[in-house]
Amino acid sequence: MGKIFAVEYLTLDGGFEDPGWSGPYFNEELQQFQFDNLLECDALLLGRVTYQGFAQAWPSMEAETGDFGRRMNSIGKYVASTTLGAPEWNATLIEGHVIDAVKRLRASEETLMIAGSATLVESLRSYGLIDEYRLMIYPVVVGHGRRFFGEAPSSMTLVNSLVTKSGVAVLTYHPDESREPSYSG
């Protein structure tokens, strides 16, 4: 069976949108972390919004980003969307029901990395289809906007942690169904 892992930029208060706040903290350690993630996966699994942003930006950034940019541009991509036409940039549109299609992809031997794509992550999380979360928690509170994790509760087990010199906590979690949270309130 394959593996699906999500790599996400988050603030201390769970923000993720428009991550311009990450710039002052992004350093060589995080660059290597991101490159290692990209090398580990066989393909990217993206939602439409993230795909469109990446497809617009990355083809012109290859010269300045070297091996990372070459890998980003050449790797296969699966795109979850009901509104996107024929994707370009080495991408395949997921046909039919997204959850069923992702179950088929996960049943293969491929390792898939989700970057961003919060709506897709939330859908897949609710079906137990994400094997690992690699969260870069930046020392920033944005105080507004959409939060990365939605309303559905879930428990996780920390399997790895690293704090970069710039203060970003890189935390790797596996879902832990044995400790499902319950809330009263």
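The values are calculated or read from the model by the stated rules, or taken from the named source; none is laboratory data. Quick caveat: nothing in here was measured; it's all calculated off a predicted structure. So basically every Cβ, Gly included, is an ideal-geometry build from the backbone, and we count neighbours across all protein chains shown.
Residue 153 meets all of the listed conditions (1) surrounded by 13 or more Cβ atoms within 10 Å (Cβ to Cβ); (2) on the phi < 0 side of the Ramachandran plot; (3) touching a residue at least 12 places away in the same chain (Cβ under 8 Å) but one, namely (1).
Taking first residues from the stretch 117-143 that are touching a residue at least 40 places away in the same chain (Cβ under 8 Å) and under 12 Å from residue 9 (Cβ atoms) and partners that are surrounded by 18 or more Cβ atoms within 10 Å (Cβ to Cβ) and of a type in the set (Asp, Glu), the Cβ contacts under 6 Å between residues at least 6 apart in sequence or on separate chains come to 135/8. Looking at residue 86 and the list (1) touching a strand residue (DSSP E or B) at 6+ places or on another chain (Cβ under 8 Å); (2) loosely packed, with under 14 Cβ neighbours inside 10 Å; (3) of a type outside the set (Ser, Thr, Tyr); (4) within 25 Å of residue 15 (Cα to Cα), which single condition is not satisfied? Of the numbered conditions (1) touching a strand residue (DSSP E or B) at 6+ places or on another chain (Cβ under 8 Å); (2) loosely packed, with under 14 Cβ neighbours inside 10 Å; (3) of a type outside the set (Ser, Thr, Tyr); (4) within 25 Å of residue 15 (Cα to Cα), the odd one out for residue 86 is (4). Determine if the stretch 41-49 includes at least one residue that is modelled with pLDDT under 95, surrounded by 19 or more Cβ atoms within 10 Å (Cβ to Cβ) and under 17 Å from the mean Cα position of the chain (by Cα). Among the residues of the stretch 41-49, at least one is modelled with pLDDT under 95, surrounded by 19 or more Cβ atoms within 10 Å (Cβ to Cβ) and under 17 Å from the mean Cα position of the chain (by Cα), which makes the answer yes.
Taken over the stretch 1-37, the criterion of being hydrophobic (A, V, I, L, M, F, W, C), within 21 Å of residue 119 (Cα to Cα) and touching a helix residue (DSSP H, G or I) at 6+ places or on another chain (Cβ under 9 Å) is satisfied by 4, 5, 6, 7, 10, 16.
The set of residues from the stretch 7-42 being more than 22 Å from residue 141 (Cβ to Cβ) and aliphatic (A, V, I, L, M) comprises 38, 39. Going by the conditions given, is residue 108 under 25 Å from residue 15 (Cα atoms) and more than 14 Å from the chain's Cα centre (by Cα)? Spelling it out, it is not the case that residue 108 is under 25 Å from residue 15 (Cα atoms) and more than 14 Å from the chain's Cα centre (by Cα). Quick one: is residue 117 surrounded by 15 or more Cβ atoms within 10 Å (Cβ to Cβ), within 17 Å of the chain's Cα centre (by Cα) and at positive phi? Criteria met by residue 117.
Cβ-Cβ contacts under 8 Å between residues 6 or more apart (or on different chains), taken from a first residue in the stretch 100-115 that is under 8 Å from residue 3 (Cα atoms) to a second residue that is among the β-branched types (Val, Ile, Thr) and at pLDDT 95 or above, are listed as 106/4; 111/4; 112/4. For the stretch 78-87, a residue qualifies if it is assigned to a loop (DSSP other than H, G, I, E, B) and of a type outside the set (Ser, Thr, Tyr), and the qualifying residues are 84, 85, 86, 87. Test residue 102 against the stated conditions and say whether it is part of a helix (DSSP H, G or I), surrounded by 17 or more Cβ atoms within 10 Å (Cβ to Cβ) and of a type in the set (Val, Ile, Thr). So residue 102 passes the test. Of all residues in the stretch 25-36, those that are closer than 13 Å to residue 68 by Cα have Cβ atoms under 8 Å from Cβ atoms of residues that are assigned to a helix (DSSP H, G or I), 6 or more apart or on another chain, in 31/68; 34/68; 35/67; 35/68; 35/71.
For the stretch 3-25, does any single residue satisfy the condition of being surrounded by fewer than 16 Cβ atoms within 10 Å (Cβ to Cβ), touching a Leu at 6+ places or on another chain (Cβ under 8 Å) and either hydroxyl-bearing (Ser, Thr, Tyr) or closer than 25 Å to residue 167 by Cα (or both)? No, the stretch 3-25 has no match at all.
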